[in-house]
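Input: a single structure, listed below in structure tokens.
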Amino acid sequence: MLPIFVKTLPFFALIGLGWFAGRIRFFPEIATEYLTRFVFYFALSAMLFRFAAELSLARIFDPAFAAAYLIACTSVYALVFAVAKARRVTTAEAAIEAQCGVIGNTGFLGVPLMIALLGPMAAGPMLMVLTIDLIVFSSLITLIITASKEGALDRGSLRRLGLGLARNPMIVSMAAGIAWSATGWPLADPALEFLMLLGAAATPAALFAIGASLASRSAERLSVALWLSFAKLVLHPAAVALAAFVVIPVERPAAGVMVAAAALPVAGNVYMLARHYGVAPQRVSASILISTTFSILTVTLVIGWIGTA
């Protein structure tokens, strides 16, 4: 376990450095915003395109993998949603809390971390997890909040949802990479070197940006935030492990990556959605802060466990 902790430590140290820079105002919020844009639209997109372009669709999409992950996520989503409704919060708030329980920081933290720790074989499963998170659950939260606020879904709402997905650079880069892979053409050396150079910036910049964004977060609504962090860091990977190893058996290496991905902390884009719709942003912010802090332990434990499973 100690060797794994030592390997994960530099990643979380970068997050800590970003937090420190943001906390002392050396790296203000506007700088974090633009660094996040650089990662989101350029560096991470280059990394995802290259990974997808070097893999076949069969190595990315596995029906058993998708089914196991969806069953586990839906179960945890429903549980967290039900607990929220039992506290008599609104449907929109319950949906945001459920999103915290199943959506991890797969793009900014998961992809670079898992590939560094588990090797290139983690790329395909991580892209599959990211695709399901972005397309299925990002759509679900948008539909629930829109329906709860407007009373119904119209054609315009669905059109905006579709356009939003089509404009998401992570979805676009993965789709473009898969399309390139389908041609069977290798990437030209200059293009490959360009993508590798730009993609290499994704890991340090993304981790630094995560830390800097945490510097402005506060731990309000602690009881709820602790519950949501527990759901994300413990219940979610436990449900995924049960689904992938028992309910719908998935190949062990891919199943291990899936469980490790589920152990990631709450994603920053959940806060963006909460702030955009004006639904419990402080609660989500606290959940991100707490889950990211404790994830250095949970991620290490899960990766150590899958290494011996």
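No value in this document is a laboratory result; all are computed from the given coordinates. Remember, it's a predicted structure, so these values are computed and weren't measured experimentally. In this analysis, Cβ positions are derived from the backbone assuming ideal geometry, glycine residues included, and neighbour counts consider all displayed protein chains.
Structure notes:
- Kyte-Doolittle mean at least 1.6 and Cα axial length at least 24 Å: DSSP H helices in the chain: 63-86
- The three principal axes of the Cα atoms in region 154-207 give end-to-end lengths of 47, 33, 12 Å, sorted in falling order.
- Inter-part distance where region 200-216 and region 227-305 are each reduced to a Cα centre, Å: 18 Å
- Cα centroid of region 158-196 to Cα centroid of region 132-148, whole Å: 22 Å
- Sequence-separation-based contact order of region 2-308, relative, with Cα cut under 8 Å and 6+ spacing, percent: 35 percent
- Surrounding net charge for L187, when Lys and Arg each add one and Asp and Glu each subtract one, Cβ distance under 13 Å: -2
- Computed per residue of the chain from DSSP H runs no shorter than four, each worth -39500 (n - 2.57), the mean residue ellipticity at 222 nm is -23500 deg cm²/dmol.
- Cα convex hull of the chain, projected area averaged across orientations, nm²: 15.9 nm²
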